[in-house]
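Just below is one structure, and these are the notes that go with it.
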Protein chains: 2
Amino acid sequence: MLTDADRRAVARHPLFVRLEPRDRERLLEASSARIYRRGELLFAAGDSAHAFFVALSGWVVLYRLSAQGERVVLRVVRRPESFAEAAALGLASYPAWGEAASEARVLAVPGTAYRRLLLASPETGLQVIAELSRKLAHLVRELEQRQARTTTERVARFLAEAAADGEGPALVLPVEKSLLAARLGMTPESFSRALARLKREGAIRERSGRIELLDRDRLRVAGGCR
Amino acid sequence: MLTDADRRAVARHPLFVRLEPRDRERLLEASSARIYRRGELLFAAGDSAHAFFVALSGWVVLYRLSAQGERVVLRVVRRPESFAEAAALGLASYPAWGEAASEARVLAVPGTAYRRLLLASPETGLQVIAELSRKLAHLVRELEQRQARTTTERVARFLAEAAADGEGPALVLPVEKSLLAARLGMTPESFSRALARLKREGAIRERSGRIELLDRDRLRVAGGCR
């Protein structure tokens, strides 16, 4: 039922990567891959949450229904994403509807089997937590680095946010520029060039490592903030 | 030692938010907030990993040393981020150096205390895993929606990636446009306008829900892909 490619994809998933290979195998044996037709329900809101899912191919949409009975799309999921973990691991019911938006192959992992594994080996749970934390930190960094595209935009946004943290109009850069550059995912040279550009545009003024924000609105606009 | 604002920040952190309030309080009592001077080491690579950390204020840099003895910056951390969880929860040693890059207040959470809590209550561990999964899914979505800024860029990138998944030059959109639009964080109208723009530019051709990729390079460029 599971192809080798499926197994590899699941084995790399943060919820599975730190499991003992033997435990992972057993979990996969308890799980089932199924093809859903487009429009077919995986679960309805209120159903007891017997499993969480990993998308293997195709698309799945998660939605709620509004008071007027209209769909409110929460997520559109595709390989290799998992979904409904929170419901299945908390033993609650599904809080939303899950439906195949195209023909979709989906792995259902019984919540009880995953729970049993982690209740029997809380050490494994700690490993999973460590892995998820690592992944989360990585994504936070990625997000920060990509949220504006040019180096000037990234620097402008960083300064606007630092100022919004309530440090007043004069901002003392607390850290060497090379580290701020690293935080923003650019070279120190690019960081300096971006500062120079913002100075020329009249958004900031710099004096011995102290940066004054002359024009917050300009800075926010330069940073693509709304 | 911890201000009320610190406590609130820690309580919202994904590693702590699902803990029982009483357990969280006990964990905070076992933890210690300390002010590090700029340049002061929190830990050295190879030190046994007694704690993981939450930045409360200021900046912390994590780095390795190259064979030539040069710093290779891994992360620059600030409030409310945590770091070194993987080391502390796995009971290994720190794989990198941690140093205050500015004056920094940092909460050290003893790995043993967190481990003890989760070994005593694996149920809590499952809750933490569920929370981290939820947060991870949220960030994946955010990242996807923000990685290109204009709707046309996002659509172009999505099509280029779908094509790179090996579906050949003709791409059959498997899902209603409204769902693809939701996945990409835009309205169906914006999605249609973006498709129209890419058609005008000669990057794609559309026939009854079937999209042909005429010019992958142009698509990749339009999507800001390298």
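The values are calculated or read from the model by the stated rules, or taken from the named source; none is laboratory data. In this text, all values refer to a predicted model and were calculated from it rather than measured experimentally. So basically every Cβ, Gly included, is an ideal-geometry build from the backbone, and we count neighbours across all protein chains shown.
For A:Arg78, indicate whether it is over 19 Å from the mean Cα position of the chain (by Cα) and free of Cβ contacts under 8 Å to residues at least 40 places away in the same chain.
Values: over 19 Å from the mean Cα position of the chain (by Cα): no; free of Cβ contacts under 8 Å to residues at least 40 places away in the same chain: yes.
No, not satisfied.
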- prompt: When B:Ala45 is evaluated against the numbered criteria (1) of a type outside the set (Lys, Arg); (2) part of a strand (DSSP E or B); (3) more than 11 Å from every other protein chain (Cβ to nearest Cβ), which criterion, by number, is the only one it fails?
  reply: (2)
query: Among the residues of the stretch B:206-220, which ones are over 15 Å from B:Val155 (Cβ atoms) and within 33 Å of the chain's Cα centre (by Cα)?
result: B:Asp217
- prompt: Is it the case that some residue within the stretch B:7-28 is farther than 25 Å from B:Leu118 by Cα, assigned by TED's automatic domain parsing to the domain that holds B:Leu132 and crowded, with 17+ Cβ neighbours inside 10 Å?
  reply: no
field: Residue under evaluation A:Val221, criteria (1) assigned to a loop (DSSP other than H, G, I, E, B); (2) modelled with pLDDT under 80, criterion not met
entry: (1)
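Given the condition exposed (fewer than 15 other Cβ atoms within 10 Å of the Cβ), more than 20 Å from B:Leu132 (Cβ to Cβ) and within 25 Å of the chain's Cα centre (by Cα), answer yes or no: does some residue in the stretch A:52-70 qualify? Steps first, answer last, please.
Start the filter on the stretch A:52-70 by keeping residues that are exposed (fewer than 15 other Cβ atoms within 10 Å of the Cβ), which leaves A:64-70.
Checking which are more than 20 Å from B:Leu132 (Cβ to Cβ) leaves us with A:64-70.
Going one step further and asking which of them are within 25 Å of the chain's Cα centre (by Cα), we end up with A:64-65.
Scanning the stretch A:52-70, I find at least one residue that is exposed (fewer than 15 other Cβ atoms within 10 Å of the Cβ), more than 20 Å from B:Leu132 (Cβ to Cβ) and within 25 Å of the chain's Cα centre (by Cα), so the answer is yes.
Looking at B:Ser66, B:Ser57 in this structure, which one is among the hydroxyl-bearing types (Ser, Thr, Tyr) and free of Cβ contacts under 8 Å to residues at least 12 places away in the same chain? Let's see the steps before the verdict.
Details: B:Ser57 fails: free of Cβ contacts under 8 Å to residues at least 12 places away in the same chain.
Being among the hydroxyl-bearing types (Ser, Thr, Tyr) and free of Cβ contacts under 8 Å to residues at least 12 places away in the same chain holds for just one of B:Ser66, B:Ser57, which is B:Ser66.
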message: in contact (Cβ under 8 Å) with a residue 24 or more places away in the chain and under 30 Å from A:Leu179 (Cβ atoms): which single residue out of A:Glu131, A:Glu103, A:Glu142, A:Glu99 fits that description?
response: A:Glu131
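Go through the residues of the stretch A:34-47 one by one and say whether even a single one is within 25 Å of A:Leu126 (Cα to Cα), modelled with pLDDT of 90 or more and surrounded by 14 or more Cβ atoms within 10 Å (Cβ to Cβ).
First, pick out the residues of the stretch A:34-47 that are within 25 Å of A:Leu126 (Cα to Cα): none.
No, the stretch A:34-47 contains no residue that is within 25 Å of A:Leu126 (Cα to Cα), modelled with pLDDT of 90 or more and surrounded by 14 or more Cβ atoms within 10 Å (Cβ to Cβ).
Just to verify a result, which residue in the stretch B:189-205, among those that are farther than 12 Å from B:Val155 by Cβ and without any contact (Cβ under 8 Å) to a residue 12 or more places away in the chain, is surrounded by the most Cβ atoms within 10 Å (Cβ to Cβ)? Give the derivation first.
So the first thing to find is which residues in the stretch B:189-205 are farther than 12 Å from B:Val155 by Cβ, and the list is B:189, B:200, B:202, B:205.
In the following step, the residues that additionally are without any contact (Cβ under 8 Å) to a residue 12 or more places away in the chain were identified as B:189, B:200, B:205.
Details: B:Glu189: 12, B:Arg200: 9, B:Arg205: 14.
Among residues in the stretch B:189-205 that are farther than 12 Å from B:Val155 by Cβ and without any contact (Cβ under 8 Å) to a residue 12 or more places away in the chain, the one surrounded by the most Cβ atoms within 10 Å (Cβ to Cβ) is B:Arg205.
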